[in-house]
1. Please give the per residue accessible area of the chain, computed with a probe of 1.4 Å over protein heavy atoms only, in Å².
2. Assuming a ≥ b ≥ c are the square roots of the Cα gyration tensor eigenvalues, decide whether segment 59-122 counts as rounded (a/c under 1.5), prolate (otherwise, with a/b larger than b/c) or oblate.
3. Can you tell me the order of 211-224, 86-99 when each peptide is scored by its average per-residue count of other Cβ atoms within 10 angstrom, highest first?
4. With springs only between Cα atoms under 10 Å, which of 136, 169, 286 fluctuates most in a Gaussian network model of the chain?
5. Using 0.36 nm times the number of residues separating residue 65 and residue 289, minus their current alpha carbon distance, what extension gain do you get?
6. Expressed as a whole percentage, what fraction of the accessible surface of segment 155-206 belongs to carbon and sulfur atoms when a 1.4 Å probe is rolled over the protein heavy atoms?
7. Using the crude model of +1 on Lys and Arg Cβ and -1 on Asp and Glu Cβ, and no other charge, please compute the dipole size for the chain relative to its Cα centre, in debye to 20.
8. Within the accessible area of segment 96-153, what % is carbon and sulfur when the probe is 1.4 Å and the other protein chains stay in place?
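The values are calculated or read from the model by the stated rules, or taken from the named source; none is laboratory data. From a predicted model like this one, the values you see are computed outputs, not experimental measurements. Note that we place each Cβ from the backbone using ideal geometry, even for glycine, and neighbour counts take in every protein chain shown. Quick note on the areas: whole protein, heavy atoms, side chains included, nothing else; ligands and nucleic acids left out. Shrake-Rupley method; radii C 1.70, N 1.55, O 1.52, S 1.80 Å.
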Amino acid sequence: MSPARPLSDTERRNWVRLARTQNVGPVTFAQLVKRFGTPGAALDALPEIARRAGRGRPIIAPSVDAVEDEIAAARKYGARIIASCEADFPPLLRTLAPPPPTLTLLGRADLAAQPTVAIVGARNASAAGRKLARDISAGLGAAGFVVVSGLALGIDGEAHAATLRTGTIAVLGGGVDHVYPPQHERLYAEIAAEGLIVSESPFGYRAKAQDFPRRNRIITGMSRGVVVVEAAERSGSLISARMAGEQGREVMAVPGSPLDPRASGTNALIYQGASLVRHAEDVLEILSSLRFGHVSEPENGPYDAEMDGDSLPEGQLERVLEALSPHPMPIDEIARACGLGAARCAAVLVELELSGLALTLPGGLAARAV
């Protein structure tokens, strides 16, 4: 489907059904649509794909009624579910390889098309870190930037609160109707009224720990750059910084005392090459020098069109599965290890993922499911 065209009700329903299908992540969604042309055609092909891959049970797609109920519930709540091919899908997020297939939006969708910057950091932030987050966010908002963050306690909350009037976007791990953490119920209501709330998760879904990396990918993917204000050496904020770098975004960090463990992660980012920033003026100077015609996140390989046969060639599925490990590896390396072309390997990986045996990940990576 061509971008910037509103979907019909049937097209939207099929798009959401495929996105919500068991074992279909963003990479597999993109590969299936690339191969079959439309989500509806991909849904029709799933039983045959499952049979070819030797799956003993059918691939579970949500029913038409279930998806229609979700779309209606979101609409009643004041939200709407959009597809990555539509005009009001966040433009920077659409450039990822691949973008999230669907998003649920609550509030001002136009904010996502304005200049954006992410502010993230520690939940147990210090008073100094909180003030820095407020000051930097307010300065960026006054300069015309919309601030994106994750509604978490600490730095995220300060960034949102400081930019309610100038524009803020909260990306949630659960559905847009699931307020988390509950301490931010009032802030959530203010953002829903004046800003934008975004989620990749189904409406009504309660977030689990494994959902937050995908949320972080959206935070950075929607933003021209990410500013980290306080982060421990092992934290979600550092995962966001790594994702931002993979996406071609500018990574910026506020330095802190070597004696404060909440600054160990940000200091390490600076040591590794992130831009050191002290206030909003530093961030603005860096952002003003950047161009955003594309991102550098690696593309996922093409889907082999010759996979339309009745069965996989002898041993190919087993060879790809044997080459996988729990640690994500580039698909071209996996293809080399099992003696296949990258396009054929990518196609086999989709069938393995639909069987629950593999995971295909953004950035051209794949791993064995554990």
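1. Working: 16080 Å² over 370 residues.
About 43 Å² of surface per residue is accessible.
2. Working: a/c = 2.00, a/b = 1.60, b/c = 1.25.
Prolate.
3. Details: 211-224: 23.1, 86-99: 19.6.
Ranked from most to least packed, the peptides come out as 211-224, 86-99.
4. 286
5. Numbers: separation 224, 0.36 × 224 = 80.64 nm, distance 4.91 nm.
Contour length minus Cα-Cα distance gives 75.7 nm.
6. Numbers: 940 of 1930 Å².
The computed percentage sits at 49.
7. Details: 38 positive and 41 negative charges, 110 e Å.
Dipole size: approximately 540 debye.
8. 59 percent
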